[in-house]
1. Among the listed residues L106, L92, L47, L52, which satisfies the condition of being out of contact with any strand residue (DSSP E or B) (no Cβ under 7 Å at 6 or more places or on another chain), assigned by TED's automatic domain parsing to the domain that holds M120 and in contact (Cβ under 8 Å) with a residue 40 or more places away in the chain?
2. One residue is enough: does the stretch 65-82 have a residue meeting the conditions among the hydroxyl-bearing types (S, T, Y) and either surrounded by 14 or more Cβ atoms within 10 Å (Cβ to Cβ) or in contact with an Asp or Glu (Cβ under 7 Å, 6 or more places away or on another chain) (or both)?
3. Take residues that are farther than 25 Å from S131 by Cβ and within 19 Å of the chain's Cα centre (by Cα) and tell me which of the strands (runs of 3 or more DSSP E) falling wholly in the stretch 20-83 contain 1 or more.
4. Those residues that are assigned to a helix (DSSP H, G or I) and more than 11 Å from L47 (Cβ to Cβ), I need them from the stretch 84-126; list them, please.
5. Among the residues that make up the stretch 16-23, is at least one of them among the hydroxyl-bearing types (S, T, Y) and either in contact with a Phe, Trp or Tyr (Cβ under 7 Å, 6 or more places away or on another chain) or under 19 Å from T168 (Cβ atoms) (or both)?
6. Considering only the stretch 20-43, I want to know if a residue exists there that is among the hydroxyl-bearing types (S, T, Y) and assigned by TED's automatic domain parsing to the domain that holds A162.
Amino acid sequence: MSDSFHVEGAEEVFHSHVFNVERRTIRHGDTTFERDVAVHHGAVAVLAINGLGQVGFIRQYRATFDDFTLEIPAGTRDVEGEPPLETAKRELLEEMGLVAHEWTLLGRFMNSPGWTNQVMTIYVARQLTQSERAPAGPEEQSSTIHWFSPEELRQTLRAAPAIDSTTTIALHRVFGTFFDEL
C-alpha cells in the first residue's frame, strides 16, 4: 500500500450560506473510502483590548447551545477575495462598533481538521476608537458588549460551563500562562 492519499472526487450533499458538506472519495493505495467534509471559507476573530487593558466580549444567543455565550468578536470570511485583516476590521466594527488603529496577527488554527477545512485567523486589536455599531442578524442585534479586566475575565470564564476554542487560544497567546488554570 502506498503512503499517499488523495481526493479522487467530491459530491456536494448539503449547501448553506455558511458552509457546504462534500462527500469526498479518497484513494489510499488500492483502497478507496469516503469522508464527509464541512467546506468553509474560513473565519476571523478579534481580541480587542482597550486603553485600560480590558478585553472586549460579545454576549449573544447561540442556537447550537440554545443559550447565550461570551465570545470575542468573530465572523466568517464571506466576502470573496477579502483579506482576513479586512474581514477582522469589518467584524469588529459590526459587532462592537470599534475601529482599531493597531493590529497584530496572533495566528491561524484549524478548528477541527477531522471534519472541516475551516481555518480561523485571530488578531489583537488595540488603540480603539468608538464608531457606530452595525450588527447583522437577530443574534448580533440582540447582543451586548462587555469589557473585562484580565482578573475579572478569569473569574467570569472560570464560572462558565464551557469556553469556545477561539477565545481560549487568543487569551493564551496574549496572556500566556495567566489563563492556564481556568
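1. L52
2. At the first step, the residues of the stretch 65-82 found to be among the hydroxyl-bearing types (S, T, Y) are 69, 76.
Pick out the ones that are also either surrounded by 14 or more Cβ atoms within 10 Å (Cβ to Cβ) or in contact with an Asp or Glu (Cβ under 7 Å, 6 or more places away or on another chain) (or both) and you get 69, 76.
Yes: one or more hits.
3. On the way: elements: 31-40, 43-48, 55-62, 67-71, 74-76.
Result: 31-40, 55-62, 67-71.
4. Hits for the stretch 84-126 are P84, L85, E86, T87, K89, R90, E91, L93, E94, E95, M96.
5. We begin by selecting, within the stretch 16-23, every residue among the hydroxyl-bearing types (S, T, Y); these are 16.
Among the residues that remain, those that are also either in contact with a Phe, Trp or Tyr (Cβ under 7 Å, 6 or more places away or on another chain) or under 19 Å from T168 (Cβ atoms) (or both) are: none.
No: the stretch 16-23 contains no residue that is among the hydroxyl-bearing types (S, T, Y) and either in contact with a Phe, Trp or Tyr (Cβ under 7 Å, 6 or more places away or on another chain) or under 19 Å from T168 (Cβ atoms) (or both).
6. Within the stretch 20-43, not a single residue is among the hydroxyl-bearing types (S, T, Y) and assigned by TED's automatic domain parsing to the domain that holds A162.
The values are calculated or read from the model by the stated rules, or taken from the named source; none is laboratory data. For clarity, every value in this text was computed on a predicted model and none was experimentally measured. Because the Cβ atoms are built from the backbone with ideal geometry, glycine has one as well, and the counts that use them run over all protein chains shown.
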